[in-house]
Amino acid sequence: MYQAKAFAAASATAPLGGHTINRRAATPTDVQIEILFCGVCHSDLHTVRNEWAAIMPTAYPCVPGHEIVGRVTEVGAAVKKYKAGDLVGVGCLVDSDHTCPACQSDLEQFCPGGVFTYNSPDKHLGGVTYGGYSESIVVDEHFVLRLPTNLDLAGVAPLLCAGITTYSPLRHWKVGPGQKVGVVGLGGLGHMGVKFARAFGAHVVVFTTSPKKKDDALRLGAHEVIVSTDAAQMGQHAFSFDFILDTVSAEHDVNALLGLLKLNGHLTMVGAPEKPLPVSAFALLFGRHSLSGSLIGGIRETQEMLDFCGQKGITADVEVIPIQRINEAYERMLKSDVKYRFSIDMASLKKA
Ligand code: NAP
Ligand code: ZN
């Protein structure tokens, strides 16, 4: 075991600040990673502020961060895939039981024994797992991803959550040419959803509450932009969408979106608002619409997504910040003022 510098929240109302955590010494199957960049996901904010208390209460101190890129510093004796010096990534998962039907199907995110990168019971040290707002992390090699070498690392970090969370449902629902696809909310997840839906050949429409994001939405790959608070704009698209990906982090009108689906159209929620959203049966009945959810993605698919991004030159659009600005970044995220993901330069932690 060794000590590592980190940034943590001491309670749901405390700002994040400098903290020291324990990391395990690498076991034979572990990879030790010096963290270079960590993306800032809205899930970090939900967790720090204990907004998911009913489902996953937060244990404090809480060290968030699950969009991790870094360099391997040490590997255990049985590690085959990585060696010191390799550039690697870690997303939302750091362990699973490897035996359940979900794991057998490369869907570790649905494993009942799955361990998330932060705020999950830590089998090795007790307490809970600590995430990427830290100088280093130790992870079983199965949960370590190989990074494309041709991409900007600060922009690769968000692929580990925002990337896979949008890639996976778009692939699952076979989004492609000839389809009209909506992406709701142009934040960290949403802007990746736009890039992937466009790369898969769909006609892409962004729904935003922020009219000033229109030019960016078009630049990111959208063909059209709808300001969702404008009923007239919404009405022009009634019964026209094959698929809608909803990335919104707060309360909003899902029924208005379901009403825009065509016959047999489908809406997948990836956003995880604190409070339940009312769904009208009629918004589903008329048009045989369906509604589903999706949770990040398995390790095999995350590697596939990273390889795809390497081939296509896809990264997140990031604003790089030092860790000392994390509390300000959270406030800006709440105001939808992110273009379009914060990525923490972890070198700044050395000064903390
Ligand atoms: P984010 O960067 O803050 O983006 C959320 C976007 O939603 C905002 O930029 C805004 O876009 C829109 N929005 C915010 N409040 C709204 C409101 N009241 N009504 C309508 N639109 C609103 O957040 P993120 O990191 O992309 O995460 C989005 C959600 O996905 C969070 O709840 C997060 O916890 C969840 N998440 C889920 C998974 C999963 O596996 N399912 C993985 C990661 C994250 P506009 O300005 O364009 O309207
Ligand atoms: Zn996330």
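The values are calculated or read from the model by the stated rules, or taken from the named source; none is laboratory data. All values reported here derive from a predicted model rather than from experimental measurement. Using ideal geometry, Cβ is built from the backbone for each residue, glycine included, and neighbour counts are taken over all protein chains shown. Quick note on the areas: whole protein, heavy atoms, side chains included, nothing else; ligands and nucleic acids left out. Shrake-Rupley method; radii C 1.70, N 1.55, O 1.52, S 1.80 Å.
Do any helices (runs of 4 or more DSSP H) entirely within the range 239-352 hold 2 or more residues that are more than 16 Å from ligand 2 (Cβ to nearest atom), farther than 30 Å from residue 178 by Cβ and open to solvent by 40 Å² or more (accessible area, probe 1.4 Å), and if so, which?
Working: elements: 254-258, 281-285, 299-312, 326-334.
Helices (runs of 4 or more DSSP H) meeting the threshold: 326-334.
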Report every pair of residues separated by at least 6 positions or lying on different chains whose Cβ atoms are under 7 Å apart, first residue within the range 41-56 and over 21 Å from residue 344 (Cβ atoms), second open to solvent by less than 10 Å² (accessible area, probe 1.4 Å).
52/46
Among (1) open to solvent by 30 Å² or more (accessible area, probe 1.4 Å); (2) away from ligand 2 (no atom under 14 Å from the Cβ); (3) farther than 29 Å from residue 79 by Cα, there is one condition residue 58 misses while meeting the rest; what is its number?
(1)
Report whether or not residue 229 is surrounded by fewer than 16 Cβ atoms within 10 Å (Cβ to Cβ) and not hydrophobic (A, V, I, L, M, F, W, C).
yes
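State whether one or more residues within the range 40-53 are part of a strand (DSSP E or B), touching a strand residue (DSSP E or B) at 6+ places or on another chain (Cβ under 9 Å), within 28 Å of residue 304 (Cα to Cα) and at pLDDT 95 or above. Quick ask: steps written out before the conclusion?
To start, the set of residues in the range 40-53 that are part of a strand (DSSP E or B) comprises 40.
Subset that is touching a strand residue (DSSP E or B) at 6+ places or on another chain (Cβ under 9 Å): 40.
So of that shortlist, the ones also within 28 Å of residue 304 (Cα to Cα) come out as 40.
Next cut, at pLDDT 95 or above only: 40.
Looking through the range 40-53, at least one residue is part of a strand (DSSP E or B), touching a strand residue (DSSP E or B) at 6+ places or on another chain (Cβ under 9 Å), within 28 Å of residue 304 (Cα to Cα) and at pLDDT 95 or above.
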Could we say that residue 76 is in contact with a Ser or Thr (Cβ under 6 Å, 6 or more places away or on another chain), among the small types (Gly, Ala, Ser) and at pLDDT 95 or above here?
yes
Pairs returned, first residue in the range 2-23 that is in contact (Cβ under 8 Å) with a residue 12 or more places away in the chain, second residue that is of a type in the set (Phe, Trp, Tyr) and open to solvent by 40 Å² or more (accessible area, probe 1.4 Å), beta-carbon separation under 6 angstrom, 6 or more apart or interchain, are 10/60; 11/60; 21/130; 23/2
Restricting attention to the range 201-216, and to residues there that are open to solvent by less than 20 Å² (accessible area, probe 1.4 Å) and part of a loop (DSSP other than H, G, I, E, B), which single residue is farthest from residue 243 (Cα to Cα)?
210
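It is to be established whether one or more residues within the range 17-32 are of a type in the set (Gly, Ala, Ser) and within 18 Å of residue 351 (Cβ to Cβ).
If we filter the range 17-32 for residues that are of a type in the set (Gly, Ala, Ser), which is where we start, we get 17-18, 25-26.
After this cut, where a residue has to be within 18 Å of residue 351 (Cβ to Cβ) as well, the list is 17-18.
Within the range 17-32, one or more residues are of a type in the set (Gly, Ala, Ser) and within 18 Å of residue 351 (Cβ to Cβ).
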